[in-house]
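Notes to accompany the following structure.
Throughout, read-outs are computed from the coordinates displayed, never taken from laboratory work. Predicted model only: the values in this text are computed from it and were never measured. Please note: Cβ atoms are built from the backbone with ideal geometry, for glycine as well, and neighbour counts cover all protein chains shown.
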Amino acid sequence: MKIGIGGQPQSRYNAEDMRALGESASDRVLGLLKQAETGLSVKELCQRLHLSSMAVRRQLTLLEVSDLLFSEKEKQKIGRPAFRYYLTEKGHEQFERDYANLVVDLLVSLRSMDGKTKISQIFEKRKTACVEKAQPKVLGRTLEARVHEVTRLLTEDGYMARWEKLGPKKFLIKEMNCPVAQVAKKFPHVCIYEEKFLSELLSAKVTRRHHLLQKDHFCSYLVEG
């Protein structure tokens, strides 16, 4: 997340910009909770959002069901106990984070200390671990079923993947998004080992056909059994 003047978070959930951007009440609640050091009560949210308690409670219920926030009882001297609301780990993850630059900086530092070979070893180790983790989900299945499952796993990881059958034992996997594009620009190892990962997991010949880093609109791999 970017930090603006005065150390305030700047993201699509920035409380100062929410109303102007026409964002949903849920987004506004998340934004306020993100900036609250000790959580917020329903009353406090009503005051800041200019909404009724019924409207605020409706948003809180939706967000709690989605595991984006949790509540804790707040002791009061009189009356019923009130609750304060806080973001869960999943709730915090809804905000922009600059992981890509951190990874790139770490890899650059590692390369300067241990050389290019160490970088290749790291990506090889990661590829092997990813194959071992996913392999039980494709073992004993037909190539088409393996392609379907691997595409589903890629989508879960943010690749917005899809596949199509081109002929007998011939398929095309398309990745419409690359969640590691910023890292891949500096370290093409990412793409090389992705191709190896797919080949090993699918037990098939895999050839890259399209590449986002080569100005294509998506990445794709031809799979041949």
Tell me, Glu200, Glu37 in order of fewest to most beta-carbon neighbours within 10 Å? Glu37, Glu200
With a ≥ b ≥ c from the Cα gyration tensor eigenvalues, square-rooted, and the rule rounded for a/c under 1.5, otherwise prolate when a/b > b/c and oblate otherwise, the range 104-210 is prolate
Out of Gln214, Gln121, Gln76, a Gaussian network model of the chain with alpha-carbon springs under 10 Å gives the largest mean-square fluctuation to Gln76
For each of His217, His92, count neighbouring Cβ atoms within 10 Å of the residue's Cβ, then give the residues from fewest to most. His217, His92
Running a GNM on the chain with Cα contacts under 10 Å, which residue among Pro136, Pro168, Pro81 ends up with the highest mean-square fluctuation? Pro81
For Thr88, enumerate residues with amide H under 5 Å from its amide H, sequence gap 5+ or separate chain, H modeled in the peptide plane. Leu69, Phe70
Would you kindly derive the ³J(HN,Hα) couplings of the range 85-94 from the backbone phi angles with the Karplus curve 6.51 cos²θ - 1.76 cosθ + 1.60 (θ = phi - 60°), listing them in order in whole Hz, with x for Gly and Pro? 10, 9, 6, 7, 4, 5, x, 5, 5, 6
With each run of n ≥ 4 DSSP H residues scored as -39500 (n - 2.57), what mean residue ellipticity at 222 nm is computed for the chain after dividing by its residue count and rounding to the nearest 500 deg cm²/dmol? -15000 deg cm²/dmol
Ala161 long-range amide H proximity, modeled H, under 5 Å: Thr155, Met176
Given that just one value was derived from the coordinates, which of [x] 23.2, 74; [y] 17.4, 55; [z] 21.7, 76 is Rg and Dmax of the Cα atoms in Å? [x]
Between the range 151-172 and the range 45-120, how many Å separate their Cα centres? 32 Å
Scalar couplings 3J(HN,Hα) for the range 127-135 by Karplus 6.51 cos²θ - 1.76 cosθ + 1.60 (θ = phi - 60°), nearest whole Hz, x for Gly and Pro, are 4, 4, 5, 5, 5, 4, 5, 8, 4
Starting from the amide H of Ala82, placed 1.01 Å from N in the peptide plane, find each other amide H under 5 Å away whose residue is 5 or more places distant or on another chain. Glu74, Gln76
Length-normalised contact order of the chain in % [C-alpha pairs under 8 Å, at least 6 apart]: 13 percent
Quick one: order Lys196, Lys137, Lys73 by neighbouring beta-carbon count within 10 Å, fewest to most. Lys73, Lys137, Lys196
Quick one: 3J(HN,Hα) in Hz for the range 107-122, Karplus 6.51/-1.76/1.60 with θ = phi - 60°, rounded, Gly and Pro as x. 5, 4, 5, 5, 5, 5, 8, 10, x, 5, 4, 4, 5, 4, 5, 5
Please build a GNM for the chain, connecting alpha carbons under 10 Å apart, and tell me which residue among Met176, Met160, Met113 fluctuates the most. Met113
